[in-house]
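Undergrad: The structure is given below, and queries will be raised subsequently.
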Amino acid sequence: MLPPLRIGPITVDTPVVLAPMAGVTNAAFRRLCRESGAGLYVAEMLTSRALVERSPESFRIIAFEPDEVPRSVQVYGVDPATVGAAVRLLVEEDRADHVDLNFGCPVPKVTRRGGGAVLPWKRDLFTAIVRAAVDAARPSGVPVTVKMRKGIDEDHLTYVEAGLTAQDAGVAAVALHGRTAADYYSGTADWDAIATLKEAVTDIPVLGNGDIWSAEDALAMVEHTRCDGVVVGRGCQGRPWLFADLAAAFAGSDVRIRPGLGEVAHVVRRHAELMVAHFGEESKALREMRKHMAWYLKGYVVGGEARAALGLVSTMAELDDRLAVLDLDQPYPGEAAEGQRGRAGSPKRPILPYGWLDSRELSEDFRRDLHEAELSVSGG
């Protein structure tokens, strides 16, 4: 349906991007996805401040395996100088082949300080951050992209203006999640907005994000919006093989992966092994695995007690014991295993800095306070 996706000098044969997800898209999960299909796989989001301060955790987040190419990093920041310095560090120390800027995070700890999905409302700040990143990356030829939401809420939309600003600033592509910050992850993604952005932004690729739970959803989004590629987030949680389905779909094949519970258990075991290697500590790795269990087991007849036990594993031996008692001959359950992953929640009134909506320009008081949005390594 689509030609290869070109992001600056990078060619992605299958026009699919793994969205960065905090606590999910680490090197272990990215390997599982890469082994399943083709695409561009983005590491967990990290703050520019933590990177510039050389936080050990930030460098763990951007630890790539030798065969992981291209190396894709998403940076979040609210200060143009800090974002520029972070991008300069990444490219000058040869730590990334692609840098994505996050303007889509809707979580309160970010938006209450004016960051993430609410930042493009301050158009001068948005422009300065994007330009700082592009200028820092340009000497090394590393492309910069932007991922954003529609805006703060339906009365404060920013996506078309932000897309055109990013294009003019020299970014290599823009991605739009068809929800506002107020939508959070509720309801249905607005694919019409993606189509509108595609009509407006004509010089660079426009990628669509939101409600891609299957390969058929990806094809439908492309048909509906004419976007140049798709960004997949929650749809691959507990389903890294979705990328095999996507690769097949974009190649015109109707072949799909439909794993029985035994195959799922094998992937869970391999995921855990990779997590131990990534963290270097079995107990930490297995704690991190717990959140994945419900996603992997969605739709399979497992039983509440077994699900709860798998959600409390702390060692590889425990994991093996608890997987062994499942009905591993159980076939793929069909629709029960498909569709939405995790909790969508309900719309939330965005928590904004006091007076944030009074002006589209950034006051000096806001400029002094914004650095507090970067207090943690990962924005979530």
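The values are calculated or read from the model by the stated rules, or taken from the named source; none is laboratory data. Note that the structure is a prediction, hence the values are computed from the model and not measured. Virtual Cβ from ideal backbone geometry, glycine too; neighbours counted across all protein chains shown. For the accessible areas, the whole protein counts, side chains as well, though only heavy atoms, and no ligand, DNA or RNA atoms are used. Shrake-Rupley method; radii C 1.70, N 1.55, O 1.52, S 1.80 Å.
Undergrad: Among DSSP beta bridges whose residues both lie in the chain, state the antiparallel percentage, nearest 5.
TA: Close to 15 percent.
Undergrad: Select from the chain the helices, each a whole stretch of DSSP H, whose alpha-carbon atoms run 18 Å or more along the helix axis and whose Kyte-Doolittle mean is at least 0.0; answer none if there are none.
TA: TM-like helix candidates: 123-137, 261-279.
Undergrad: Using the reciprocal of the averaged 1/r over all distinct C-alpha pairs, how large is the Kirkwood radius of segment 238-380 in Å?
TA: Hydrodynamic radius (Kirkwood, Cα pairs) of segment 238-380 is 18.6 Å.
Undergrad: At a probe radius of 1.4 Å, what is the per-residue accessible area of Leu312, in Å² to the nearest 10?
TA: Using a 1.4 Å probe on the heavy atoms, I get roughly 110 Å².
Undergrad: Quickly estimate the mean residue ellipticity at 222 nm for the chain, helices only: each DSSP H run with n ≥ 4 gives -39500 (n - 2.57), and the total goes over all residues, rounded to 500.
TA: Roughly -11500 deg cm²/dmol at 222 nm, from the helical runs in the chain.
Undergrad: From the protein chains alone at 1.4 Å, what is the descending order of accessible area for Arg138, Arg71, Arg54, Arg349, largest first?
TA: Arg349, Arg138, Arg54, Arg71
Undergrad: Beyond 21 Å, how much of the Cα-Cα pair distribution for segment 157-304 remains, as a whole percent?
TA: 56
Undergrad: May I ask you to derive the relative contact order of the chain, considering only C-alpha pairs under 8 Å and at least 6 residues apart, and to give it as an integer percent?
TA: 21
Undergrad: Let me ask you something else. For Thr165, tell me the accessible area in Å² from a 1.4 Å probe, rounded to the nearest 10.
TA: Using a 1.4 Å probe on the heavy atoms, I get roughly 40 Å².
Undergrad: Binned at 10 Å from 0, what are the whole-percent values of the Cα-Cα distance distribution for segment 261-333, short to long?
TA: 21, 58, 19, 2
Undergrad: Counting only protein heavy atoms, what percent of the accessible surface of the chain is carbon or sulfur at a 1.4 Å probe?
TA: Roughly 50 percent of what the probe reaches on the chain is carbon or sulfur.
Undergrad: Exactly which GluC sites (Glu not before Pro) in segment 1-63 are in a DSSP loop and have at most 14 other Cβ atoms within 10 Å?
TA: Glu53
Undergrad: Could you order Asp79, Asp358 so the one with the most accessible surface comes first? Probe is 1.4 Å.
TA: Asp358, Asp79
Undergrad: If you don't mind, another one. Looking at (i) 27, 50, 20, 4, 0; (ii) 27, 51, 21, 1; (iii) 29, 59, 12, 0, which value of P(r) over Cα pairs in 20 Å bins from 0, in percent comes from a calculation on the structure shown?
TA: Matching the structure shown: (iii).
Undergrad: Okay, next question. Computed FRET efficiency, Cβ-Cβ of Leu357 and Asp329, R0 56 Å: what is it to the nearest 0.05?
TA: That pair, Leu357 with Asp329, gives E of 0.45.
Undergrad: Could you give the distance between the Cα centres of segment 289-308 and segment 165-234, to the whole Å?
TA: 31
Undergrad: Let me ask another. In square angstrom, what is the accessible area per residue of segment 130-286 with a 1.4 angstrom probe?
TA: Per-residue value: 35 Å².
Undergrad: Around His98, which amide H atoms from residues at least 5 apart in sequence, or from another chain, sit under 5 Å from its own amide H, with H modelled in the peptide plane?
TA: Under 5 Å from the amide H of His98: Arg71, Val73.
Undergrad: Here's a follow-up. For segment 98-103, in order, what is each residue's ³J(HN,Hα) by Karplus, 6.51 cos²θ - 1.76 cosθ + 1.60 with θ = phi - 60°, in whole Hz (x at glycine and Pro)?
TA: Rounded to whole hertz, the list is 8, 10, 10, 9, 8, 10.
Undergrad: What nm distance separates the two modelled labels at Glu53 and Lys291, each placed 7 Å from Cα along Cα→Cβ?
TA: Going from the Glu53 label point to the Lys291 one covers 2.1 nm.
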